[in-house]
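The structure appears below as structure tokens.
Since every read-out is calculated from the coordinates, none of them should be taken as a lab result. Everything numeric in this text was worked out from a predicted model, so none of it was measured. Every residue, glycine among them, receives a Cβ derived from its backbone with ideal geometry; neighbour counts consider all protein chains shown.
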Ligand SMILES: Cc1cc2nc3c(=O)[nH]c(=O)nc-3n(C[C@H](O)[C@H](O)[C@H](O)COP(=O)(O)OP(=O)(O)OC[C@H]3O[C@@H](n4cnc5c(N)ncnc54)[C@H](O)[C@@H]3O)c2cc1C
């Protein structure tokens with residue numbers, strides 16, 4: 001007898017299986033490796049880290065550190081293994097990847113209530129299940145997810161433009177306007193970074209000579225322009241467009257038509273437009289700026305954009321294979337499917353980005369699947385916590401521009417703090433609030449359980 005099926009023995013699936021089993025459920029964990037490979041994984045271990053061996057900052061006043069502290073508080077098994085396999089890495093939690101994956105695999109293998117089944121799942125089960133098959137979900141299973149959700153609600157590539165913090169944009173140079181003054185806001189919906197001809201040529205030259213991330217064979221489609229995003233429009237990285245001719249960007253995503261720089265009264269030679277990315281208006285994305293440059297190169301080259309010389313990037317651009325569902329339409333913040341209470345999604349397939357976010361959503365899905373099994377209501381975490389904010393973001397973002405999101409302070413409801421306060425103090429204030437609210441939420445859940453048990 002099985003109480004719960006978990007599909008995918010990666011970061012989210014391993015954590016989810018463990019959390020559910022720890023709460024008394026009999027779990028079957030399906031992992032298709034080693035028989036079916038993803039193209040990125042190299043071993044048959046569970047919870048293999050496919051690229052970097054860092055789980056991000058461990059500092060309590062950083063977004064990723066806060067997420068770790070929340071996962072610690074909620075009893076993450078994978079985080080425990082990561083700590084046992086940690087390597088010296090300053091303020092970050094870096095691990096010996098083989099040791100980490102071995103530890104997780106052994107813990108799961110030795111759990112009496114978890115059965116590991118090395119088999120590709122091809123259909124969404126009709127019984128309680130957690131889908132945690134990751135960014136490289138097998139094609140047959142992807143088709144089954146698409147059949148449940150509608151073809152247009154499953155995406156296969158990330159074509160992500162970078163996002164910057166609004167308060168790091170130099171508004172002495174950048175200006176607000178919409179093309180031909182057609183925006184909804186009086187002062188214009190977009191922030192525009194204007195280029196002179198000389199600035200534009202310097203920028204294009206830097207873009208063309210910057211180092212790029214190497215594409216893997218399963219990502220070859222990117223070179224020719226991929227189908228990505230809700231409207232399946234062709235997307236090309238800006239460096240590829242730039243390579244087609246020195247002025248191709250100025251006639252493409254950087255075209256200045258309909259815009260006048262209020263400081264010169266003239267049309268700039270080219271423009272980078274930034275569009276508001278979150279309701280609070282604290283984040284802006286660079287419109288049409290999908291890029292595959294290495295992250296430090298993005299920071300260097302994109303800071304050549306007039307007005308972005310001190311830009312703080314909360315997310316870099318990326319072009320890679322990434323299967324994820326349209327969570328704003330299909331998921332609830334409890335990680336339950338919108339039409340099936342007993343079907344959960346966790347990990348990168350929900351649109352939550354990054355190792356730690358994937359582990360944490362696995363934790364919440366496992367915990368909530370167990371609560372549902374025991375007749376308790378699934379938990380929605382407060383939006384002021386980092387995990388609650390991630391779940392809220394992916395389930396409430398604008399579907400038209402929906403792209404994966406990693407932990408960052410910009411997705412938390414803003415705190416009214418003095419403007420002079422430093423970055424670390426600011427982070428600590430958000431972390432303190434998150435922790436207080438998490439404790440409160442957990443105490444309420446425990447109280448409710450106690451009342452139910454009493455009744
Ligand atoms: C190439 C690449 C590099 C990345 N690098 C980083 C990085 O450096 N840092 C970072 O924070 N994030 C990175 N990510 C993003 C993300 O954090 C990782 O992919 C992370 O492993 C996702 O966790 P997950 O549990 O959702 O999926 P995974 O860890 O990929 O686990 C999913 C598991 O499901 C299995 N599976 C798939 N389909 C089926 C099926 N039909 N039946 C049974 N099993 C199935 C897979 O074999 C896999 O083991 C990267 C992603 C990719 C694709």
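For the pair residue 50 and residue 96 in one chain, pulling the backbone fully straight at 0.36 nm per residue adds 15.3 nm over the alpha carbon distance.
The label-point distance for residue 170 and residue 84, in a model that sets each label 7 Å from Cα toward Cβ, rounds to 5.1 nm.
Please give the length that would be gained between residue 417 and residue 115 if that part of the chain were fully extended, namely 0.36 nm times their separation in residues minus their C-alpha to C-alpha distance (nm, one decimal).
Working it through step by step, the gained length comes to 103.8 nm.
How large is log10 of I(q)/I(0) for the chain at q = 0.06, 0.07 Å⁻¹ when the intensity is taken from the Debye formula with one equal scatterer per alpha-carbon? For the requested q values the scattering log ratios are -0.27, -0.37.
Calculate log10 I(q)/I(0) of the stretch 1-123 for q = 0.15, 0.17, 0.21 Å⁻¹, where I(q) comes from the Debye formula with a single equal point scatterer on each Cα and nothing for solvent. So the normalised log intensities work out to -0.70, -0.87, -1.20. When its C-alpha radius of gyration is set against 2.2 N^0.38 Å (N residues), the stretch 43-185 gives a value of 1.46. The Rg/Rh ratio for the stretch 364-414, using Cα coordinates for both the radius of gyration and the Kirkwood hydrodynamic radius, is 1.05. Normalising the Debye intensity of the stretch 310-368 to I(0), with uniform scatterers on Cα atoms only, and taking log10 at q = 0.13, 0.27, 0.31 Å⁻¹ returns -0.39, -1.13, -1.31.
All Cα-Cα distances of the stretch 256-394, cut into 5 Å bins from zero to the largest, leave 2, 8, 14, 17, 15, 13, 10, 8, 6, 4, 2, 1, 0, 0 percent in each bin in turn. Full extension of the chain segment joining residue 208 with residue 429 gains 75.5 nm, where the gain is 0.36 nm per residue of separation less the Cα-Cα distance. In whole angstrom, how far apart do the alpha carbon centroids of the stretch 392-441 and the stretch 6-56 sit? If we compute the Cα centre of each part, the gap is 28 Å. Taking every Cα-Cα distance in the stretch 335-455 and sorting them into 10 Å bins starting at zero, the pair-distance distribution P(r) comes out as 12, 38, 33, 13, 3, 0 percent.
So what's the stretch 256-325 giving for Cα Rg divided by 2.2 N^0.38 Å, two decimals?
The stretch 256-325 yields a ratio of 1.29.
Compute the FRET efficiency between residue 267 and residue 72 as 1/(1 + (r/R0)^6), taking r as their Cβ-Cβ distance and R0 = 51 Å, and round to the nearest 0.05.
That gives a FRET efficiency of 0.40.
Computed from the C-beta positions of residue 399 and residue 341, the FRET efficiency with R₀ = 35 Å rounds to 0.95.
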